[in-house]
1. What about N99, is it loosely packed, with under 15 Cβ neighbours inside 10 Å, out of contact with any strand residue (DSSP E or B) (no Cβ under 9 Å at 6 or more places or on another chain) and not small (G, A, S)?
2. Sort out which residues of the stretch 5-30 are in a helix (DSSP H, G or I) and surrounded by 14 or more Cβ atoms within 10 Å (Cβ to Cβ), and write them in order of number.
3. Test each condition in (1) within 23 Å of P82 (Cα to Cα); (2) touching a residue at least 40 places away in the same chain (Cβ under 8 Å) for V21 and report the one that comes out false.
4. Mind checking whether some residue in the stretch 43-57 is touching a Cys at 6+ places or on another chain (Cβ under 9 Å) and either open to solvent by less than 30 Å² (accessible area, probe 1.4 Å) or at pLDDT below 90 (or both)?
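The values are calculated or read from the model by the stated rules, or taken from the named source; none is laboratory data. What you see is a predicted model; the values in this text were computed from it and never measured. Note: ideal-geometry Cβ built from the backbone for every residue, glycine included; neighbour counts use all protein chains shown. In case anyone asks, the SASA skips ligands and DNA or RNA and just uses the protein heavy atoms, side chains included. Shrake-Rupley method; radii C 1.70, N 1.55, O 1.52, S 1.80 Å.
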Amino acid sequence: MTMDDDIAVSDADRSRWLTQVPHTRAGRPCGCGTCPSIGLTDADGSTPELMDDRVVLQASATGALLLLFFDEDRLSELELAPLSDKTSFNEFPHPDGLNFFE
């Protein structure tokens, strides 16, 4: 799958990825200066390599998209992408303010 493809994510996929959450750590911050985006690592500090067939889950927040990336079937990045070049964010939105895409 490429980022332009829409495929269904199964409940098994979501369950498998959810088991990674307790072992996932914040990694390198984004260097853009307009967002709180971070790379994600496992407990050993390893981040999966960027893959052409990455999976991206997305949600919307006021003024931004929240993107959760999976590479090599592992959590790899959490990105808050502003919808305008004039907007910047210092932190991720509260989960209660997210609208999820199916």
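1. no
2. Listed by number, the residues that qualify are D13, W17.
3. (1)
4. At the first step, the residues of the stretch 43-57 found to be touching a Cys at 6+ places or on another chain (Cβ under 9 Å) are none.
Within the stretch 43-57, none of the residues are touching a Cys at 6+ places or on another chain (Cβ under 9 Å) and either open to solvent by less than 30 Å² (accessible area, probe 1.4 Å) or at pLDDT below 90 (or both).
One line per residue, one yes/no per condition, for (1) part of a loop (DSSP other than H, G, I, E, B); (2) acidic (D, E):
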site	(1), (2)
T47	yes, no
L50	yes, no
V56	no, no
A59	no, no
L67	no, no
E77	no, yes
L80	no, no
K86	yes, no
